[in-house]
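Here's the structure, in structure tokens; my notes come after.
No value in this document is a laboratory result; all are computed from the given coordinates. In this text, all values refer to a predicted model and were calculated from it rather than measured experimentally. Here the Cβ positions follow ideal geometry from the backbone for every residue, glycine too, while neighbour counts run over all protein chains shown.
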Amino acid sequence: MRYPVVLHKDSDSDYGVTVPDVSGCFSAGSTIDEALQAAKEAIECHLEGLLMDGETIPQPGNIEQHQGNADYSGGTWAFVDIDLSRLDSKVKRINITLTERVLTLIDEQAKREGETRSGFLAKAAFEYIGKHRQAS
């Protein structure tokens, strides 16, 4: 999943990072690269805590949804990639049956997104479940 983040920097401070779609998730770093790496770690830690508590993983929005928020004005926007399949330390092998065409489409899309097949399927499942939980 690609979470949008906004970076702010005052002249006498490090870069601060806010993750609009993950309530209460913040980080910082002395350079942009350090700030983005810290944001990745903060998001992973936050999402892992949500999973452990049985909570729903928040779906990432897009930057345009957040740009109108005054809290983010003057910030620099970026994306942080999170592989949800790596958050849960318990891995369980499953056996599923798919048509060859569906499997090819999955593999092609996973490759485009820089994901493994398992990571892509986990991401797709989380997104589907999140959308349907919000709707109900």
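In region 97-129, the qualifying residues are those that are among the charged types (D, E, K, R) and in contact (Cβ under 8 Å) with a residue 60 or more places away in the chain, and the one that is nearest to residue 61 (Cα to Cα) is 127. The sole residue among 56, 18, 76 that is within 16 Å of the chain's Cα centre (by Cα), in contact (Cβ under 8 Å) with a residue 24 or more places away in the chain and farther than 17 Å from residue 126 by Cβ is 18.
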